[in-house]
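The values are calculated or read from the model by the stated rules, or taken from the named source; none is laboratory data. If you're wondering where the values come from, they're calculated on a predicted model, not measured in any experiment. Ideal geometry is used to build each Cβ from the backbone, glycine not excepted, and the neighbour counts take in all protein chains shown.
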């Protein structure tokens, strides 16, 4: 199977990659880079193509999807330190509350 062949991916994985790619393109990433990042995310979450029998039962790991939103960006960097700290403390309280 040549590199880049997507035949071993399920329809769901292909749709997932397409959706992720669109999100990157909306944020100004080039088409080629958006496609590369999208498939990297799908591979990390679903552990590669799922059509063959090996490894099909592994659970999905959604941490790569959450990672991008948590990194922050220009808007967060422009806020005062006091406000960022308050938001971080509030988020930590919420996480602890939901973990219990």
Could you please find all residues in the range 9-33 being assigned to a helix (DSSP H, G or I) and either buried (at least 20 other Cβ atoms within 10 Å of the Cβ) or touching a residue at least 24 places away in the same chain (Cβ under 8 Å) (or both)?
-> 13, 16, 17, 20, 21
Answer yes if at least one residue in the range 37-59 is surrounded by fewer than 12 Cβ atoms within 10 Å (Cβ to Cβ), assigned to a helix (DSSP H, G or I) and modelled with pLDDT of 80 or more, and no otherwise.
-> no
Do we have any residue at all in the range 72-91 that's farther than 28 Å from residue 23 by Cα and either modelled with pLDDT under 70 or touching a helix residue (DSSP H, G or I) at 6+ places or on another chain (Cβ under 8 Å) (or both)?
-> no
Name the pairs: first residue in the range 79-96 and without any contact (Cβ under 8 Å) to a residue 40 or more places away in the chain, second residue in a loop (DSSP other than H, G, I, E, B) and surrounded by 11 or more Cβ atoms within 10 Å (Cβ to Cβ), Cβ to Cβ under 9 Å, at least 6 apart or on different chains?
-> 84/72; 87/79
